[in-house]
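Written out below as structure tokens is the structure these notes cover.
The values are calculated or read from the model by the stated rules, or taken from the named source; none is laboratory data. Source: prediction; values computed, not measured. Reconstructed Cβ throughout: ideal geometry from the backbone, glycine too, with neighbour counts over all protein chains shown. Keep in mind that these areas ignore ligands, DNA and RNA; they rest on the heavy atoms of the full protein, side chains included. Shrake-Rupley method; radii C 1.70, N 1.55, O 1.52, S 1.80 Å.
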Amino acid sequence: MNIPSNLKYTKDHEWVSIDGEIATVGITDFAQKELGDIVYVEVETLDQTLAKDEVFGTVEAVKTVSDLFLPLSGEIVEFNDDLESSPDTVNGDPYGKGWMVKVKFSDASEMEDLLSSDDYKALIGA
């Protein structure tokens with residue numbers, strides 16, 4: 001299972017990459033495997049400011065629909081438009097081309113609540 005050590009993680013199986021005041025968010029390799037073939041990603045919160053742990057979208061797989069939870073408070077500044085036509089990119093490249101949103105986060109102290117790769121591995125029993 002792929003769990004890059006340079007990323008942070010949530011208990012809800014999102015990953016976070018920080019670049020300045022922008023956080024890129026997607027779902028983990030574990031999450032996409034659990035969901036199965038992803039057929040649709042919906043994010044209707046572009047340009048909205050949300051609190052940490054609020055639902056920012058949904059991911060639909062053949063088996064189920066799952067909410068996506070924002071790991072850091074802030075404004076959703078970008079959605080990965082490529083996922084509209086190719087949602088299965090999340091299955092093939094969850095940490096790269098399968099990213100979902102970029103967030104201009106407003107409270108850097110919330111990063112302390114994110115998990116390291118080792119903590120995430122322990123959470124999922126990897």
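A few notes on this one:
- Being modelled with pLDDT of 95 or more, within 16 Å of Ile27 (Cα to Cα), part of a loop (DSSP other than H, G, I, E, B) and aromatic (Phe, Trp, Tyr) is a property that holds for Tyr95.
- Looking across Ala122, Ala126, one residue alone is out of contact with any Ser or Thr (no Cβ under 9 Å at 6 or more places or on another chain) and modelled with pLDDT under 95. It is Ala126.
- Per-region count, region 94-114, residues farther than 22 Å from Leu50 by Cα and surrounded by fewer than 15 Cβ atoms within 10 Å (Cβ to Cβ): 2
- Residue within region 29-50 that is in a loop (DSSP other than H, G, I, E, B), touching a Ser or Thr at 6+ places or on another chain (Cβ under 7 Å) and without any contact (Cβ under 8 Å) to a residue 60 or more places away in the chain present: no
- The set of residues in region 67-92 being open to solvent by less than 40 Å² (accessible area, probe 1.4 Å) and either assigned to a helix (DSSP H, G or I) or at pLDDT below 95 (or both) consists of Leu83, Thr89, Val90, Asn91.
- Residue count for region 52-66, restricted to those that are within 15 Å of the chain's Cα centre (by Cα) and part of a loop (DSSP other than H, G, I, E, B): 3
- Test: residue in region 29-42 that is more than 16 Å from Thr89 (Cα to Cα), of a type in the set (A, V, I, L, M, F, W, C) and surrounded by 15 or more Cβ atoms within 10 Å (Cβ to Cβ): no
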